[in-house]
Amino acid sequence: MAGSPVTTTPSLSSAHELVHDFVAAALPQADRLRLAATCRTLRSGSLRWFPEVQAELTSGNRASARSLAAWLCLYRARAHVSFRADTVTLYDSRRKTAVPSMLRLLAARPAAAASVTLLSACRSTWPDGFPCEVPTRCLLAFPSIEGLQCGFDFLLVGPVEPLWQLTQLQRLKLRGYYLSGDWTGIACLSQLQHLELEDPFDAAAVPLPAGVSNLQALTRLSLGWRPAHQQQQAATGLEHLRSLAGTLADLNLAGRHLAAIPPVLTALTALTRLNLSHNSIKGGWGQLQALPRLRKLDPASLTFIGGGLAAAPPQLAACSRLTRLKLGSLERIFAVDSLSVLGSLHSLQHLTISLLLDVDAVPAVLSQLSKLTHLSLQASCSTGFSNLQPLTLLEELSIFGTNMQEWQAAELAATLAALPSVTSRALSSLSIQPSWDPAWRAILQMTQLRALALDCCACEPPPAGLSNLQALTRLSLGMRLDLRQQPAATGLEHLHPLAGTLDDLSLTSYSKADLRWQRSHACLA
């Protein structure tokens, strides 16, 4: 009829877009997967919801590998596949072949294999039981792979040559590997940006190959932790890094048994991060003056830890752009006065001082570092805390102290009161009686505190005022408590009001009964 309104019914495609824009886009991945499976229309049109997915497979779970392969064939999303070790069959010899069998299931469907862009089978600690072996030849079925991570629980084994055929690789991270063959072919990986070769077994401990000099896209290189018998080859092959002077920004040479700063570092003027930790370096510190861009020196960057370091190198003064520094020594005799060189580092924001010997007072030079936001003092300081009061930008503070007297704790309390910006504090090894200690009272007045750690303390149970720290999300208490008693006898009942905000609770103590309590979480049940 003329003049009658025309009504339209939304098509299925527009309905799908409506669901995506107003529903699926706001959901986490797991919920989006469930929504996509509710009906055939959504399932067939949900590819735009998952252009890139992350899938974690438990080693030995072949059914999950089949399911993932089928899903990738249907949707063709870019997949980041990671493997998690099966803790049930730790000492079952069949565990060694669990990952290869799952990789073969993925490779059996070429469309699924082509969708895999990242394979990760790595953990940060050495494994328990038998490691899962990952033969290099299994990786050839994944031509689109851009990232490969293997290590510890997952041992990459076999000839190294198949890796050089994965020419799309941008990240290669190997820790605890057992490879044989010719490493010069690494030059074929021209797109490689991030390379880590750490903790090799004896047969895989080869010098840095000359082919590394062809990796002109490389910005991050880690060559840490070599076998002890290779001390005489500590710097072998490092001269190949000279051609990367314009691109290499992050270099890790930790644990390579270096006795001096390698001369090649003077050529790497683009370096911003450098890790020389766990080496017995006794000379060559002057070469750091050739690195004008060096800024980050922390546990993941540059660490002065070594048996021969008895003083802070004066050449540090030339690194005026440093923003992160970890300065430590394993020597019982350390020239504390040498820390005065820190006064030249006005850009420092993160600083860790870790010394084996006791330092009675907080170094006065710290008062000059006005830009510090994170400070960790691991040197058994028990006085001189007033030197920290000028650090008004400080956000995180960790202090290691022993056997404080009441007047020393009062000085610490005054410092805490003068640092209003501190929201995360870790006060380690403070022997304080909370019933009278002014430092405790200062802490309990910091109602915006988000993280608090009082580790290895000889304290009485935590006071009732702990319940006033309503902003706490992380709490670590290492106290000599007998948790076989009821919570009311340990002071842990004061944690009840924090149940709504506290998501990370650590109780470190000295008996098996304490560990049983941690498993039950009886206090916050």
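For this structure, a couple of remarks:
- Any hit, the range 317-331, residues being open to solvent by less than 40 Å² (accessible area, probe 1.4 Å), over 29 Å from Thr266 (Cα atoms) and modelled with pLDDT of 85 or more: no
- Of all residues in the range 386-400, those satisfying the criterion of being in contact with a helix residue (DSSP H, G or I) (Cβ under 8 Å, 6 or more places away or on another chain) and assigned to a loop (DSSP other than H, G, I, E, B) are Gln389, Pro390, Leu391, Leu394.
- Any chance Gln149 is at pLDDT 85 or above, closer than 16 Å to Val81 by Cβ and outside any loop (DSSP other than H, G, I, E, B): yes
- Residue within the range 163-174 that is more than 22 Å from the chain's Cα centre (by Cα), aromatic (Phe, Trp, Tyr) and surrounded by fewer than 23 Cβ atoms within 10 Å (Cβ to Cβ) present: yes
- Subset of the range 367-385 that is touching a helix residue (DSSP H, G or I) at 6+ places or on another chain (Cβ under 6 Å) and surrounded by fewer than 22 Cβ atoms within 10 Å (Cβ to Cβ) - its residue that is nearest to Ile399 (Cα to Cα): Thr383
- If the condition is being touching a helix residue (DSSP H, G or I) at 6+ places or on another chain (Cβ under 6 Å) and not in a helix (DSSP H, G or I), then the range 333-356 contributes no residue at all.
- The set of residues from the range 245-287 being open to solvent by 40 Å² or more (accessible area, probe 1.4 Å), charged (D, E, K, R) and at pLDDT 80 or above comprises just one member, Arg273.
- Unmet criterion (only one of (1) in a loop (DSSP other than H, G, I, E, B); (2) open to solvent by 30 Å² or more (accessible area, probe 1.4 Å); (3) at pLDDT 85 or above) for Ala114: (1)
- Looking only at the range 93-109, residues that are open to solvent by 40 Å² or more (accessible area, probe 1.4 Å) and either at pLDDT below 90 or in contact with a helix residue (DSSP H, G or I) (Cβ under 6 Å, 6 or more places away or on another chain) (or both) come to 5 in all.
- Annotation: Ala85 fulfils all but one of (1) at pLDDT below 75; (2) open to solvent by 20 Å² or more (accessible area, probe 1.4 Å); the unmet one is (2).
- Filtered residues of the range 474-493 (kept if over 15 Å from Ile443 (Cα atoms) and either outside any loop (DSSP other than H, G, I, E, B) or at pLDDT 80 or above (or both)): Gly478, Met479, Pro487, Ala488, Ala489, Thr490, Leu492, Glu493
The values are calculated or read from the model by the stated rules, or taken from the named source; none is laboratory data. Fair warning: this is a prediction, and the values are worked out from it, not measured in the lab. All Cβ positions, glycine included, derive from the backbone under ideal geometry; neighbour counts span all protein chains shown. Just the protein is used for accessible areas: all its heavy atoms, side chains included, with ligands, DNA and RNA removed. Shrake-Rupley method; radii C 1.70, N 1.55, O 1.52, S 1.80 Å.
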